[in-house]
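Student: Dropping the structure in here first, questions after.
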Amino acid sequence: MPADNKPLDPKPWTVHDLWAKYEDVAMHFNDLLIRLRTQALAGVAAVSTLVGIFTRTDPASIHISWQIATDVFALLIMFWVAIWAIDRCYYNRLLVGAVSALRAIEQESRKANPSLAIDLSTQIEHAVDYSILDKRSWWEQYQAQIGVRLFYLIVLCALFAGLLVCFWHE
């Protein structure tokens, strides 16, 4: 018996059991990424809306409002770039690591029982992978990357447009 006096699980883990646990971890990281992106987008949208509301104030203080709006948009741009950085340089790497571990288990499942081999993560990774070792055509690699890049780029362009409009009205 282990130190905590709980009996050991007499049934050993199968490859499929282990894969299911690893899949839970990968889905957790995927959920973190989705929440990070949607909450960041909601925050940027909310602050941008507030800037729009407060720039339509008293005509005597309109110059100060546009200066503040310009500063807010500059800060939102820095915030958006920081969100991109933590997404692509940290959370995405966690997800890639989890998928990599899943692929190793899937390879093991082919050895253990080829008729019940698991290949879900292998297929998903093939659809979205853009590593340096990727053997797909440039067009397939581009298609795999475009969604996340467009998400960040569209919002960044909108923030720059807001910054320019506010700066021009200053």
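Student: Between a residue in region 31-49 that is under 10 Å from L76 (Cβ atoms) and touching a residue at least 60 places away in the same chain (Cβ under 8 Å) and any residue that is crowded, with 16+ Cβ neighbours inside 10 Å and among the β-branched types (V, I, T), which pairs come within a Cβ distance under 9 Å, given they are 6 or more apart or on different chains?
Tutor: V44/I83; V44/V155; S48/V72
Student: Moving on to the next point. Pairs needed: first member in region 74-94, acidic (D, E); second member anywhere, at pLDDT 95 or above and assigned to a helix (DSSP H, G or I); C-beta distance under 7 Å; at least 6 residues apart or different chains.
Tutor: Taking only residues 6 or more apart or on different chains, the pairs are D87/L36; D87/R37.
Student: For the condition surrounded by 12 or more Cβ atoms within 10 Å (Cβ to Cβ), of a type in the set (D, E, K, R) and either more than 30 Å from L164 (Cβ to Cβ) or at pLDDT 90 or above (or both), what is the one hit in D24, D71?
Tutor: Values: D24 fails: surrounded by 12 or more Cβ atoms within 10 Å (Cβ to Cβ).
Within the list D24, D71, the selection yields D71.
Student: Is there a residue being at pLDDT 90 or above, closer than 30 Å to L164 by Cα, part of a helix (DSSP H, G or I) and more than 14 Å from the chain's Cα centre (by Cα) anywhere in region 83-99?
Tutor: no
The values are calculated or read from the model by the stated rules, or taken from the named source; none is laboratory data. Everything numeric in this text was worked out from a predicted model, so none of it was measured. When we count neighbours, we look across all protein chains shown, and the Cβ atoms used for this are built from the backbone with ideal geometry, even at glycine.
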